[in-house]
Amino acid sequence: MTNVLTTEIQIEDRPWTDPQGAHLRCEQRAEIAIRYGTDDSEPGVKPTAADIAEFVVAYIDGKPVGCGGLRELHGEDGDAEIKRMFVRSSNRGSGAAVAVLRALEERAKKRGWTRLLLETGVAQPDATRFYEREGYVRVPAFGHYKGSADSVCYGRTLPRE
């Protein structure tokens, strides 16, 4: 008989200002600062409570382990951008990242958005592998990421149901 360990992941809608979400975003920025050797490696416009339309936090055993948000891309009909997608390193491989990504996709569809775009960076090969595995394809740099040598952009047209 084989014992199988299953982890239940809960996804909760939270405001951008949620303290647990803010703490996860700080962890993400600290990790990125180490990877790029600077505290200010973001080439785009930093997300704020005023422009994040959706924000979710993933929990395992009641503990926050990951997060992600959506920002509408004005001037791009039906497009939104994934922002601050992050899972703590100790919880990577748990399924939390997939759960957050699918939750964001569902929320985007409910808003009528048809395509999600995102920016990651050259020092984040784990992120590029993840997005490619989850059906995202490389797209030309968009918006503020145009001309950024460190940016790698992806997109996915959301499936219709």
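The values are calculated or read from the model by the stated rules, or taken from the named source; none is laboratory data. None of the values given here were measured: they were computed from a predicted structure. So basically every Cβ, Gly included, is an ideal-geometry build from the backbone, and we count neighbours across all protein chains shown. Ligands, DNA and RNA are stripped out before the accessible areas are found, and what is left, the full protein with its side chains, is counted by its heavy atoms. Shrake-Rupley method; radii C 1.70, N 1.55, O 1.52, S 1.80 Å.
Two-decimal Rg/Rh of the chain from alpha-carbon positions, Kirkwood Rh?
On the way: Rg = 15.5 Å, Rh = 16.2 Å.
Dividing the radius of gyration by the Kirkwood radius yields 0.96.
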Given the DSSP H assignment, sum -39500 (n - 2.57) over each helix run of at least 4 residues in the chain and divide by its residue total; what's the result at 222 nm in deg cm²/dmol, nearest 500?
-8500 deg cm²/dmol
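Taking a probe of 1.4 Å, how large is the accessible area per residue of the stretch 1-154, in Å²? Could you put the intermediate results ahead of the total?
On the way: 8250 Å² over 154 residues.
Solvent-accessible surface per residue comes out at 54 Å².
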With the dipole of the chain defined by +1 on each Lys or Arg Cβ and -1 on each Asp or Glu Cβ, the option from SER94, VAL45, LEU70 whose Cα lies farthest towards the positive pole is SER94
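Step through the table entries LYS46/LYS146; LYS110/LYS146; LYS109/LYS146; LYS63/LYS110, compare each Cα-Cα distance with 21 Å, and write down the pairs that go over it.
Checking Cα-Cα distances, LYS110/LYS146; LYS109/LYS146; LYS63/LYS110 exceed 21 Å.
Can you tell me the FRET efficiency between GLU8 and ARG160 if r is taken as the Cβ-Cβ distance and R0 is 25 Å, rounded to the nearest 0.05? Don't skip to the end; give the middle numbers.
Values: r = 29 Å, r/R0 = 1.16.
It comes to 0.30.
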Out of the total accessible area of the chain (probe 1.4 Å, heavy atoms of protein only), what percent is carbon and sulfur?
50
How do HIS74, HIS23 stack up against each other in accessible area, from largest to smallest, with a 1.4 angstrom probe?
HIS74, HIS23
Counting only backbone N atoms under 14 Å from a point 7 Å out along Cα-to-Cβ of SER89, the residues of the stretch 4-46 in range are 27-37
With 0.36 nm assigned to each residue of separation and the Cα-Cα distance removed, THR128 to ARG102 gains 7.7 nm
Relative contact order of the stretch 14-59, defined on C-alpha pairs under 8 angstrom at six or more residues apart (%):
58
Nearest-0.05 FRET efficiency for CYS26 and ALA49, computed from C-beta distance (R0 22 Å)
0.90
If one builds a Gaussian network model of the chain from Cα atoms under 10 Å apart, the most fluctuating residue listed among ASP51, ASP40, ASP79 is ASP40
